[in-house]
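Student: The structure follows.
Please treat every number below as a calculation from the coordinates, not as lab data. It should be emphasised that the depicted structure is a prediction, and the values quoted were computed from it without experimental measurement. FYI the Cβ positions are ideal-geometry reconstructions off the backbone, even for glycines, and counts take in every protein chain you see.
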């Protein structure tokens, strides 16, 4: 586990950036200055062979890495190395710094890593393509850091599937896209045995001699890790946090530990104790998003307890729901492969940074077997029928470990609910007459990352924007594509010019792009619009109003991945009637601007949303099978009143 800082020696606050990175208790700290650039590295000893970084030769490398196949690669390439970082340094020293060579080198690595390499005026930054180990950067001023808090106002997260190549003298930057998920698209389907073998290997390669623990919830993901570690003879403690004296996670953890002979460390956090730690937790994870904070709470307190016990490595079941179709949104007969890709594309921003920093702040290294590269590829090639509701994982637990149904059949419960952390946050917010998000923003008054909203003026895009604004994200611009094709598959067209007025009413700038509406070029036009928003406003993600349209969402997410940002779809798979009721409850009024479905005639055009409209749509839905929210194109809408309008 390491802390990385690379910056210009003229950077105003080098010492401040270093002190913000998790380096307290580091076993070594070294700086090198070359060509006016400072390379700084903090090492936390985990498993020995702790060679002091930065490495210096033809170039300079600082790396936070755990490369599990480093000995194999050293042998294949004829390299003499004492640890994984030194092996990587020597590989880079030999390599050409062209696109193909860099892609080939990075894709050979099996593990979690974040690295900055400098040679002959060229700065190269890269991460493991899933995004387990974090890396942030700014080019003006020049700064690379392993945590956003080194300079939160300036840094953006390096997208894990983008290799950054920056020519210092010319001040030119190139981004190389590494689409690792495409490797599984045309490969032969995986087998039950190959998935089981990859799953076992994913745990085995991460097992080490250092004192280890598991962030334990009592669910099947952490249970599998515990049972495999026990099977290979590794002694490991389970850490479970409960806000209050009891919780569903704690009850399940106790039952599992008793049944299988594990040591369980119970961490009971009082409501007042949690309140006192919330500002620090928000600062640690660089977010006041209520979901992220709620999940971070049990991880943070478990890691704190583990640190007191001298634990150096903490295992997590993170990623299991993403590869084994465990989330609710995988259910209902939808495209499981697209859902897998959607979850994996966004996990670096949604989950891994939060969990990684919560552990790093407590001097523990996070290891996530379910995000193993080989295992991920196997699951992306698995028949979808094996994945529904984690069927294959439950089968392995049942057959290999004879796990009782009360454990392998336990329904999924998100960490913020299983630990009671969200219940506690709600209570504190209610006592102060606030929503959870406004309560958290008061304790940590720094906006979350900058987002652009894909905006049509319709109810769904407006409500999705509203929800992300409530979660304290910085809505930096609206993004609109005006299509001249009234039958566009991608873009809303009726009354699209109204978005300019909405931009004024919201006091949010508008990025506009025109499109001829040709099906083959629409995505190119959308890409242009999003790229302009990145350049003009520095957005790190876009908001979509998709509810059930996989056609739109999957294409938007692919574009965002290629551009190095994330797509947020806060309405995805929300029940349509629930969505419509929330719109009315939260003060949204919209009119119908066009209709194109049986049962909806011209009398609906201009009709204003109200409770009676919803009842009428429900009747038509039963009679004709239409979507109540118009998700199938049955009607288009225009917002005429909402809380976002400031004038």
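Student: Calculate how steeply helix 459-470 sits against the longest principal axis of the alpha-carbon atoms of the chain, using the helix alpha-carbon long axis, and give the answer as 0 to 90 degrees to the nearest 10.
Tutor: Tilt of helix 459-470: around 40 degrees.
Student: If you don't mind, another one. Find how much the distance from residue 641 to residue 484 grows on full extension, using 0.36 nm per residue of separation minus their present alpha carbon separation; answer in nm with one decimal.
Tutor: 53.9 nm
Student: Compute the long axis of helix 336-347 from its Cα atoms, compare it with the longest principal axis of the Cα atoms of the chain, and write down the angle in degrees, 0 to 90, nearest 10.
Tutor: Once rounded, the angle reads 60 degrees.
Student: Further question: Which Rg and Dmax, in Å, describe the Cα atoms of segment 447-641?
Tutor: For segment 447-641, the Cα-based Rg and Dmax read 16.0, 48 Å.
Student: Which FRET efficiency, nearest 0.05, do residue 10 and residue 512 yield, Cβ-Cβ r, R0 41 Å?
Tutor: Values: r = 39 Å, r/R0 = 0.94.
Calculated value: 0.60.
Student: Translational D (Stokes-Einstein, µm²/s) of segment 237-301 at 20 °C and 1.002 mPa s when Rh comes from the Kirkwood sum over C-alpha pairs?
Tutor: Reported coefficient: 169 µm²/s.
Student: Could you sort 137-150, 195-208, 594-607 so that the peptide with the highest average Cβ count within 10 Å comes first and the rest follow in order? Don't skip to the answer; put the middle values down first.
Tutor: Details: 137-150: 20.9, 195-208: 19.3, 594-607: 14.8.
Put in order of decreasing packing, that is 137-150, 195-208, 594-607.
Student: Can you give me the convex hull volume of the Cα atoms of segment 223-342, divided per residue and expressed in Å³?
Tutor: Taking the convex hull of the Cα positions in segment 223-342, it is 152 Å³ per residue.
Student: Provide the FRET efficiency to the nearest 0.05 for the residue 29-residue 208 pair, computing r from the beta carbons and using R0 = 35 Å.
Tutor: FRET efficiency, residue 29 to residue 208: 0.95.
Student: Here is a follow-up. How far, in nm, would the chain grow between residue 385 and residue 584 when pulled straight, counting 0.36 nm per residue and subtracting the alpha carbon separation?
Tutor: Stretched out fully, the residue 385 to residue 584 stretch lengthens by 67.8 nm.
Student: Once both labels are modelled 7 Å past Cα along the beta-carbon direction, what's the residue 524-residue 251 spacing in nm?
Tutor: Here the answer is 5.9 nm between the modelled labels.
Student: Treating segment 191-426 as a set of equal point scatterers at the Cα positions, no solvent, please give the Debye-formula log₁₀ I(q)/I(0) at q = 0.11 Å⁻¹.
Tutor: After summing over all Cα pairs, the log10 values are -0.52.
Student: How large is log10 of I(q)/I(0) for segment 2-180 at q = 0.09, 0.10, 0.13, 0.15 Å⁻¹ when the intensity is taken from the Debye formula with one equal scatterer per alpha-carbon?
Tutor: Debye curve over Cα of segment 2-180, log10 I(q)/I(0) at q = 0.09, 0.10, 0.13, 0.15 Å⁻¹: -0.27, -0.34, -0.59, -0.81.
Student: Another question, then. What do you get for the angle between helix 192-204 and the principal long axis of the chain? Use alpha-carbon atoms, 0 to 90 degrees, nearest ten.
Tutor: 50 degrees
Student: Based on the mean of other beta carbon atoms within 10 Å per residue, what is the order of 95-105, 541-551, most packed first?
Tutor: Details: 95-105: 14.1, 541-551: 21.5.
With the highest mean Cβ count within 10 Å placed first, the list reads 541-551, 95-105.
Student: What relative contact order, as a whole-number percentage, does segment 527-593 give when Cα pairs under 8 Å and 6 or more residues apart are counted?
Tutor: In percent, rounded to a whole number, it is 31.
Student: Nearest 5 is fine: what % of DSSP beta bridges in the chain come out antiparallel, could you say? Please list the in-between numbers first.
Tutor: Working: 57 of 91 bridges.
In the chain, approximately 65 percent of DSSP beta bridges are antiparallel ones.
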